[in-house]
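Notes to accompany the following structure.
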Amino acid sequence: MLKKLEEEERAQVVRLGDASIASPFTSKLSTTTCVCHIIKQGRCTLVTTLQMFKILALNALILAYSQSVLYLDGVKFSDTQATMQGLLLAGCFLFISRSKPLKVLSKDRPMPNIFNAYTVLTVLLQFAIHFTSLVFLKFQSEARSPARTEEFVNLEEEFKPTLINTTVYIISMAMQITTFAVNYKGHPFMESLRENKPLLYSLFFSSAAILCLASGIIPDVAQQFELVDLDPDFRQIILMTLAADLMGSFLVDRILQLIFGHARLHIS
């Protein structure tokens, strides 16, 4: 009797993967297409999670530099600027999480975790490009700003629009848009950026707003964002730096994906 009870208890234990194995038999369909749906949904969720980890890592590194080193140099954002930046991040994260899997199951395999050569290298190299662009524009704006008279910056001083604040805000917003656009995966596991209309429109309007602020096409918008007017030569430098930052990040990510971005099945 004891042996029979032990065998019955062992048979009732639920193991990992039992739901996936039992799905073809518990489904009302006469085929095993539900297994393909589970795999496609799982891959889409995994890819979405991995790309959000990369985006969070890059944004954290950029904001860490902006809010530590640059803050000690007197660079700070106004309430309006910080609010718009937060709304941009929240909207993009929301639309990324609403990505849908493709209808066709791909023969490729996604990366199983974030601890791989592709993820680590693409985050580090993309941050190196963003960091170089940010430091370059900061030095360019300092060279065009009046010399600072006080030895130490008053960190408790109220926000005042300056050339350095304006430059850092524009490049920071542009980097966040670049991070979302470059690190969104799309095919073959989820719908592409063109198919994800909410995210596409969000990035498009955000990019258009950044271009308007950097080029000074609409001065009233710049005043609402509490930005100062930029010289034509410096505007051109900013726009060229933004374009180089976008292209450099895109090329680095795609080259690393071509070399290290393929998961391999390890058979033990």
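Relative to the present Cα-Cα distance, how much length would full extension add between GLN236 and ARG194 at 0.36 nm per residue of separation?
Going from the current span to full extension adds 12.2 nm.
Can you compute the modelled spin-label distance between LEU251 and ALA128, with each label point 7 Å from Cα toward Cβ, in nm?
Spacing of the two 7 Å Cα→Cβ label points: 1.4 nm.
Over 20 Å between Cα atoms, which of LYS103/LYS197; LYS54/LYS138; LYS138/LYS160; LYS54/LYS185; LYS107/LYS197; LYS54/LYS197 qualify?
On the way: LYS103/LYS197 17 Å; LYS54/LYS138 25 Å; LYS138/LYS160 17 Å; LYS54/LYS185 11 Å; LYS107/LYS197 26 Å; LYS54/LYS197 22 Å.
The answer is LYS54/LYS138; LYS107/LYS197; LYS54/LYS197.
Roughly to the nearest percent, how much of the accessible area of the stretch 177-240 is carbon and sulfur, given a 1.4 Å probe?
62 percent
Tabulate in residue order the Karplus-calculated ³J(HN,Hα) for the stretch 92-98, using 6.51 cos²θ - 1.76 cosθ + 1.60 with θ = phi - 60°, rounded to whole Hz; enter x for Gly and Pro.
Once rounded to whole Hz, the list reads 5, 5, 5, 6, 5, 5, 9.
With r as the distance between the Cβ atoms of ARG98 and VAL35 and R0 = 30 Å, compute the FRET efficiency 1/(1 + (r/R0)^6) and round to 0.05. Walk me through the numbers before you get to the answer.
Working: r = 24 Å, r/R0 = 0.80.
The calculated FRET efficiency here is 0.80.
If you add up the charges near LEU213, with Lys and Arg at +1 and Asp and Glu at -1, over every other residue whose beta carbon is less than 13 angstrom from its beta carbon, what do you get?
-2
Going from most exposed to least, what order do VAL104, VAL135, VAL120, VAL221 have by accessible area with a 1.4 Å probe? Please report the intermediate quantities before stating the final value.
Details: VAL104 110, VAL135 30, VAL120 70, VAL221 50 Å².
If we order VAL104, VAL135, VAL120, VAL221 from most to least accessible, we get VAL104, VAL120, VAL221, VAL135.
At 7 Å along Cα-to-Cβ for each site, give me the label-to-label distance between LYS160 and VAL120 in nm.
4.7 nm
Run the dipole for the stretch 166-268 about the Cα centre, Lys and Arg Cβ at +1, Asp and Glu Cβ at -1, nothing else charged, and hand back the magnitude in debye, nearest 20.
620 debye
Amide H of MET190: which non-local residues (sequence gap of 5 or more, or other chain) have their own amide H closer than 5 Å, using H built in the peptide plane?
LEU102
The values are calculated or read from the model by the stated rules, or taken from the named source; none is laboratory data. All values reported here derive from a predicted model rather than from experimental measurement. Quick reminder, even Gly has a Cβ in these numbers, built from the backbone with ideal geometry, and neighbours come from all protein chains shown. Calculation scope for accessible area: heavy atoms of the full protein, side chains included, ligands and nucleic acids excluded. Shrake-Rupley method; radii C 1.70, N 1.55, O 1.52, S 1.80 Å.
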